[in-house]
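Every read-out reported here was derived from the displayed coordinates using simple, explicitly stated rules and does not represent laboratory data. Note that the structure is a prediction, hence the values are computed from the model and not measured. With ideal geometry, Cβ positions are generated from the backbone for all residues, glycine too; neighbour counts draw on all protein chains shown.
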Amino acid sequence: MLARRALATLALSVPLLFAPLPTVAGQAGDATPTAGGDRADLAAMTLDSEDLPEDYFLRGERYITGENLVAGLDLEDATAEALTESGLTWFYESTYTTADGAGQIRSYVSEYPDEAGAEAGFGVLEDEEALVGEGGDLEDQDGPAVGEDPKEITVGSLPPNADADDDAPALRSVDATFRVGTLIVGVAVETRDDAEPDQALAEELADVLATRVEDVLAGQAPATADPAVREALLQLDAGLSVQEGYLTATDVLGPVDPADTPYAEYDAGYALTLAIGDGGTTLPYVSLAVSSFSSEDGPLAVLGDADNLQPAFTNIERVDDVLVEGADAAVGYRFASTTGGRSENDSFRILIIVGDRLATVDVQGATSAEVAEAAALDLAGQQAECLQSDDPCGAGTIPVDLETAPSATPEAEVL
């Protein structure tokens, strides 16, 4: 149940394949270094739009290292030490909200080296008194029918964040948490108005989540979380990951039937946003996304309607003479970063097609339009090379001019 307070300082837009960019960023230090290859595919385990009521849409998803999670929580020294000693390696959370923001559903997974560590981590992260303090009104009930012990259902309300508006409502929550081997898994159904969260829904989703986790561990991930799409994405070690995860068609389009759009043949996608600048979640940003389609006609249909699918960026300008070696087709867009609040062009987006896959590469908030375009072309070339191979994509390189560019920190939004 801790996750809301740990993640609340970072609010991101949905990482659409055509807009995988944060609209705002959190305070410095909130982001997480990109992961190595030994991490479990936690992003495939959490619930997605196919599992949830149809009026919930993706708000954000990302990984946090165990070290950063401990640092991000306001814990007493002894509690922080106990969580560190549990061996917590990774935490992942996916959040879906209703259009008016009154309801949200979070699902999360934390990874430990062994079952004893998972049990110890549960003891810390499910200690409401240590994590929430006197401002919360929470009660632990018997755990859900699924999963292994320890497990519990926590019901009650959480106070607004300290930096929220004075009239911000409390968050009402029903949070089902349980263990699956070395993983601690949970789902919370929450409301921000006077409505009581649906406990029956939380318990139903816990069942769905348990099945999904077990399927992924058995190498049978759902089609919407195809690991081949994730493995096709360029691997970047530089910078800090502030948003990352799989994308369903609904995650990309929202409340629109894919059959009525150029995404009719869309199968699965994966997107990643990195903060490259100094100070954690600062400009410039690099966003990468790869999507797969059922035939080569799919990405061509999307590229053919690309002008109508772009967000309302400031000064957006199509660039047709983009050449990316290894790509079957490409188009670019020059624009000004809305994240940094700038009026002059400082960002560049490239869409490329290789076979039945479409990739988007964004560089946002560089020192100039020229630096952004050069960096985007460099990264797009690396991504195209990856897409030409059936093997998992190897490590990529952030262009030097982008790594050394001075950056500005945009204002944080409070969830």
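Computed from backbone phi, the HN-Hα couplings of segment 46-51 come to 6, 5, 10, 4, 6, 9 Hz, rounded to whole numbers (Karplus: 6.51 cos²θ - 1.76 cosθ + 1.60, θ = phi - 60°; Gly and Pro given as x). Panel order for CYS393, CYS386, by other beta carbons found within 10 Å of each beta carbon, from fewest to most: CYS393, CYS386. Amide H contacts under 5 Å for ARG62: GLU93, GLU244, restricted to partners 5 or more places along the chain or on a different chain, H placed in the peptide plane at 1.01 Å from N. Each label point was placed 7 Å from the Cα along the Cα-to-Cβ direction; for ALA223 and ASP38 their separation is 3.6 nm. The charge dipole of segment 225-403, taken about its Cα centre with unit charges on the Cβ of Lys, Arg, Asp and Glu (plus for the first two, minus for the last two), comes to roughly 480 debye. Residues GLU128, GLU93, ranked from the fewest to the most other C-beta atoms within 10 Å, line up as GLU128, GLU93. Placing +1 on each Lys and Arg Cβ and -1 on each Asp and Glu Cβ, with no other charges, gives segment 251-304 a dipole about its Cα centre of roughly 260 debye.
Classify segment 179-296 as rounded, prolate or oblate, taking a ≥ b ≥ c as the square roots of the eigenvalues of its Cα gyration tensor: rounded when a/c is under 1.5, otherwise prolate if a/b is larger than b/c and oblate if not. It comes out rounded by the Cα gyration axes. Share of Cα-Cα pairs in segment 42-220 beyond 23 Å, in percent? Tail fraction, whole percent: 39. Taking the dipole about the Cα centre of segment 225-403, with the C-beta of Lys and Arg at +1 and of Asp and Glu at -1, give me whichever of THR339, GLY355, ALA327 is farthest to the positive side. It is THR339.
When Lys and Arg each count +1 and Asp and Glu each count -1, what net charge do the other residues less than 15 Å away from GLU296, Cβ to Cβ, add up to?
-4
A simple charge model with +1 on the Cβ of Lys and Arg, -1 on the Cβ of Asp and Glu and nothing else charged puts the dipole of segment 37-124 at about 240 debye relative to its Cα centre.
Length available on full extension from ALA312 to ALA395: 0.36 nm per residue minus the Cα-Cα distance, which gives 26.7 nm.
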